[in-house]
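Quick notes on the structure that follows.
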Amino acid sequence: MESINTNMLVAIMIISVLAIFMELGSCKVQFIFGDSLSDVGNNKYLTRSLATANLPWYGIDFGNGMPNGRFTNGRTVADIIGDRMGLPRPPAFLEPTLTEDIILANGVNYASGGGGILNDTGNLFIQRFSLYKQIELFQGTQTLIQNKIGHNASQKFFAESNYVVALGSNDFINNYLLPVYRDSWTYNDNTFVAYLMETLGKQLKLLYGLGARQMTIFGLGPMGCIPLQRVLSTSGDCQDRTNKLALSFNKAGNNLVADLTKTLPNSNFKFGDAYEVVADVISHPVRYGFNNSDSPCCSFGRIRPALTCIPASSLCEDRSKYVFWDEYHPSDRANEMIATEIIRKLGFLYNGTNLAPSPAPAAAPSSGD
């Protein structure tokens, strides 16, 4: 009888320990800071913003197929990485239904289309959240959670959460490379990248001071090859200077993140760089199952660049064969390849119950050409 009771006690202890681990695993959430590549709906609540994804055909391959604030036909890279890690998808900060309980269960996404590392970046879009503004909003979130669960529990919650920082392309495309911005004549290519790194370093340290310990910073892809950049060239080729700026940003960003990880106690910062694989996809699309890597799936006939996808736009026949959804943003399938490469490089592990990806229709609706 004593042996049976002992075995039962051991079994109960094992079950209890497993339950604790399951509970800890299930409460891991993400806080995402980014631009339109990660925005899941913040900008649709910025009523004066010119950077929005509120119209069809955005979101056509996500959920009910209606616009949801994502600047693509389906999922973002952050969506896919979170799904693969078994993490819940964090809602937009400006979502009216957001509550403390939802934050505790899902985290928050502060990403804003047109936003950048620098405060001045993207001001042509009128309204958008820069990274500093997103961090300010995060501070407000911390106050809410602290009031809800107390100081110690709040500190533990934020220290155990995952953080994603994914900005930078707008600082070049919608700032430095446009002559209307002061930065275009204040800096040269090298000093502007150094300026971005100095600013980003301060921002990452600020997040660290607010409790962020596990952080992934995304690098830039070959932004000189997005359709918007190609169409600005008479040859239709990638913009070599723009791509070199992305490579310089990635090299400096990788060094910055490595230095911060060495100097900030208990920090686990990673730099996610998918530049090479994306460049190879663009150079050899057929090798990866695409048939177009130089023009958008959603376009307004021969009028280019049509800076956004609108209901009057035409859709390509098969969205899974296009690398780019619109003039700026990758398609769902391209995002999946980017996410897979980042996961491979950084060794992210599955951490729970995976969310099923939104299925993509086999073909475009009747508006396709």
request  = Go through the residues of the stretch 329-341 one by one and say whether even a single one is farther than 23 Å from L177 by Cα, acidic (D, E) and touching a Gly at 6+ places or on another chain (Cβ under 6 Å).
outcome  = yes
remark   = Subset of the stretch 186-199, residues under 19 Å from K244 (Cβ atoms) and outside any loop (DSSP other than H, G, I, E, B), comes to D189, N190, T191, F192, V193, A194, Y195, L196, M197
note = Flagged in the stretch 224-256 as surrounded by fewer than 20 Cβ atoms within 10 Å (Cβ to Cβ) and β-branched (V, I, T), in numbering order, are V231, T234
note = When K156 is run through (1) under 21 Å from the mean Cα position of the chain (by Cα); (2) over 22 Å from R75 (Cα atoms); (3) charged (D, E, K, R), the failure sits at (1)
request  = Filter the stretch 124-138 down to the residues that are within 20 Å of the chain's Cα centre (by Cα) and over 17 Å from L196 (Cα atoms), then identify the one that is surrounded by the most Cβ atoms within 10 Å (Cβ to Cβ).
outcome  = R128
query = Restricting the first residue to the stretch 282-304 and requiring it to be in a loop (DSSP other than H, G, I, E, B), which pairs with a second residue that is surrounded by fewer than 21 Cβ atoms within 10 Å (Cβ to Cβ) meet a Cβ separation below 7 Å and a spacing of at least six or different chains?
reply = F290/K321; N291/P285; N291/K321; G301/S314; R304/V231
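All of the numbers you see were taken from the coordinates with simple rules; none came from a lab. Quick caveat, the model's predicted, so the values are computed rather than measured. So basically every Cβ, Gly included, is an ideal-geometry build from the backbone, and we count neighbours across all protein chains shown.
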